[in-house]
Amino acid sequence: MTAAILDHLWQSSLVAILVCGLTVLLRNNSASVRYWLWFAASLKFLLPCSLLAALGRMAFTQPVAASSFLILSRIQPAAAPFSATPLSAAPTAVYSAWPSVLVAIWLLGLLMLVLSWLVRWRRLRAMALCARPLALDVPVPVRATSSLLEPGLVGIWRPVILLPEGIARHLSRTEIDAIVTHELCHLRRRDNLLAMAHMLVEAVFWFHPLVWFIGTRLVAEREHACDESVLACGKNPREYAQAILKVCRLYIRSPLVCASGVSGANLDIRIAAIMANRDIHDMDPGRKLLLAGLGVLTIMAPLVTGGLKSVPAARLAQGFANIVLPLKHTGPELVQPIDERAAAAPAYASNQHRQRKPASAIPPREEILIPPAIVVSAPAIVIAVPPVVGSPANAAVQPQPVASDADETVCRPPQPLPGSRFRGPQVCLPKHEWDRMKQQGVELMPDGRGLAMNYEKEHSLNPRTCTTLIAGASTAGNWIMTCSSGP
């Protein structure tokens, strides 16, 4: 967890440094472009690259290489010694109090910051509720407050423009009109909502200095963008600059960045930019292509890296070993071979004159093959190979024909493995071997490693006789069927 947080912090810091260089390159362009670049750097703190990489792993499926199956088949014997290790022998983790202390400090800073914002918001909301409405021809309610708060836009979903009472005694009509136009620019740009989004970033990453630097740049660029919009509407730069200076001299600045005022950013640079009223250069196609390419690269690089990341063989082997451990544990009744248990059982078949008693049921030895749920960094398709069926016992005593050079070699094409999309290997044997297996009633398995006897052959070698008896005196008697193998 600590490594993931550190990775996210340095990646977000790198994006912020890159944005800083881009804003210097675009210093002669519109302030709105620079604002959105800083806002993208702010959102990067809320969008870790690990999340994009996880989405990439979900979107792309990485198959397991054929060589990995060989590693998986060889790791099972190596996992056998670990199956007998008791759980109490596992090494105990060393407890450290530093993570808990750091989390406590982070939570304390988060709570203090959020509480201070809530107190300021309650005071600002109380001012807006106590203010009296004013009749101005604007698309948003305008109210006059008795406090010395600067003119500003207050509210997120139902914003209002607050003007201090008696502002008409200090500012002319054209100056008030310029101030109201400035606040309407904040309304069109949704600056209050965007500022609250960055406040969330500041609350989570309050310990990171770049987060606070991004906040100051957002406030500065949004005020420059509104100034450019006011001057684009035909307002006199001299009167607009005088109105801003009067507001800064007479009234108090807004206590929250999500309540946009008129006196934000550095006044010296801002007033100089207003009086200069330089022409804003349009974005040329080369710079537009540069910004689009960097944006696509920032988003697609983690996606592609996470989706196309190869599956290390060591991780596959480790995950398979973790799955093999519970499979290696078998009960005592499965450890003893079936032939030894059959030899130890009472020989009821030796007495042909007495009635045979049903022998105690011997639990069959079953081998359950569970597809291993291997935990890897990318999705893996693992196909479980079916268990090999051993050749019949009487096949070992049959005379083996001697192969000659004249025998024709017949190759069987790869056969589909049961329950799998893969095919087994191509098997090449002399023709007399195929004929011998066909005469014995056995067939080669699709994996090419074992023999299986068909049903007709097995029934002919081990015939069974079944007798039906009726027990009970009533008409609805019990039906009992007994079956015994032939001699």
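Each value in this text was obtained by applying a stated rule to the coordinates, not by laboratory testing. Everything numeric in this text was worked out from a predicted model, so none of it was measured. All Cβ positions, even for glycine, are placed from backbone atoms using ideal geometry, and neighbour counts span all protein chains on display.
Protection proxy ranking of 287-299, 437-449, by the mean of other Cβ atoms within 10 Å over each peptide's residues and highest first, is 437-449, 287-299.
Per-peptide packing, taken as the mean over residues of other Cβ atoms within 10 Å, places 148-155, 97-104 in the sequence 148-155, 97-104 from highest down.
Among 182-189, 205-212, sorting by the average number of other beta carbon atoms lying within 10 angstrom of each residue, highest first, gives 182-189, 205-212. Put the Cα centre of the range 95-130 next to the Cα centre of the range 257-297 and the gap is 32 Å. By the count of other C-beta atoms within 10 Å, a proxy for reagent exposure, 177, 279 are ordered fewest to most as 279, 177. Amide H to amide H distances under 5 Å link residue 427 with 412, where only residues 5 or more positions off or on other chains count and H is placed in the peptide plane.
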